[in-house]
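The values are calculated or read from the model by the stated rules, or taken from the named source; none is laboratory data. Just so it is clear, the model here is predicted, and its values are computed rather than measured. Cβ: placed from backbone, ideal geometry, glycine included. Neighbour counts: every protein chain shown. The protein model used for the area step is the full one, side chains on, heavy atoms only, and it has no ligands, DNA or RNA in it. Shrake-Rupley method; radii C 1.70, N 1.55, O 1.52, S 1.80 Å.
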Amino acid sequence: MATSEIKQLVLRQPDDWHVHLRDGAMLGAVANHTARQFARAIVMPNLSPPVTSVAAAAAYRDRIIAAVDPAYNFTPLMTAYLTDSSDGAELARGHAEGVFTAAKLYPANATTNSSHGVTRIQALYPALEAMQKAGMPLLVHGEVTDRDIDIFDREAVFIDRVLAPLLKDFPGLKTVFEHITTAEAVAFVQTAGANIAATVTPHHLALNRNAMFDGGIRPHAYCLPVIKRERHRLALRGAAVSGSPKFFLGTDSAPHAAPTKEAACGCAGIYNAPYALESYAKTFAEEGALDKLEGFASEYGPRFYGLPLNAGTVTLDRIDTLVPADLPAAGTTIVPFHAGETLAWRFSRASGGQT
Ligand code: DOR
Ligand code: ZN
């Protein structure tokens, strides 16, 4: 069937393999946007202070569950924030107890709340050894932070300097290269072993770097890793719709109050949770690949993580949907991804059990 004739999509319910849910009032404002569309989500640990211990992750998980409407039947999957002093035994214990699904490597100062991140990858080796042994996935923010490296090159340089050597030293470590943004990352993941996969965001599929400077500076198109030039966007789209199980859905939805983005030094992050599936559907429809959306959104992620597929379904109808200019949140507003645009799809419902 021609893509334009498809009026409704019924998909196995997807999961979001990378999201920022924040804490406190902001958590209360954003959690249901993710829980409405996704059965499970890998929750990033970059709170302030970061989530480094099993106890902190368990307590954060309880706060998330309390913030979500129970009608959604949503399961947050927690992550540990790696630091130079991460303890392999604590990570393995958290994984064995079902608290930590994975652990996240932020190079120090790469992005929001990453000042406690890893300064020397060698300091992490005992922890990585323990993770490899436990079968606990490593999630990587793949950018070098060296200020001498052009910001548009930081992901490609990270592959050469950090990721490739690390994977040589830990050939059995399950690793997700998060929110990839470059053709180099696509090629690296494609040719790496089956233990290496990548998440791809809706915004890196939809935008190239011109979007940040379209008639003036556009803070709501600013995220990290920063959006790259068109050839990289095309490479990401090719990977996402290829049907390769190495590339799967991770929104990197990252809410910031509008005034903190519309500032002299604006925060990095794009809030795409409210219309995430509509945005992915737009990309897959444009590529004539709606038949590949379910694998990307609902199958390859759980298979990589070794988790059961969801049993329920979601429905997306081909109905024009106007994305609001802003959304109220925690006494302020957030400008969502696609603000003011009309998307051709509308998420209508999730039904059925989780697994
Ligand atoms: O744009 C981003 N925002 N990239 C990240 O890595 C972190 C995130 C955030 O927490 O705001
Ligand atoms: Zn993120």
Percent of beta bridges antiparallel (DSSP, segment 14-308, rounded to nearest 5): 0 percent
Loop-located GluC sites (Glu not before Pro) in segment 83-190 whose Cβ has at most 15 other Cβ within 10 Å (DSSP): Glu97
Rounded FRET efficiency, nearest 0.05, which uses the C-beta distance separating Asp69 from Asn109 and R0 of 30 Å: 0.25
Calculated log₁₀ intensity ratio I(q)/I(0) where the Debye formula runs over C-alpha points of segment 68-209, q = 0.12, 0.18 Å⁻¹: -0.50, -1.09
Accessible area in the full protein assembly, largest first, 1.4 Å probe, for Cys265, Cys223: Cys265, Cys223
Label-point separation in nm, Ser4 to Ala268, each point 7 Å along Cα→Cβ: 4.0 nm
Sites matching trypsin sites (Lys or Arg not before Pro) across segment 82-125 that sit in DSSP coil, with at most 11 neighbouring C-beta atoms within 10 Å: Arg120
Full-extension gain in nm, Arg147 to Thr333, via 0.36 nm per residue minus C-alpha separation: 63.7 nm
Reachable lysines, given that their alpha-carbon falls under 26 Å from the alpha-carbon of Lys228 and they are not under 8 places away in the same chain: Lys104, Lys246, Lys261, Lys282, Lys292
Distance from segment 92-112 to segment 226-273 (C-alpha centre basis), Å: 21 Å
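Counting only protein heavy atoms, what percent of the accessible surface of the chain is carbon or sulfur at a 1.4 Å probe?
Values: 7100 of 13690 Å².
Carbon-and-sulfur percentage of accessible area, whole number: 52.
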Mean accessible surface per residue for the chain, computed with a 1.4 Å probe while every protein chain stays in place, in Å²: 39 Å²
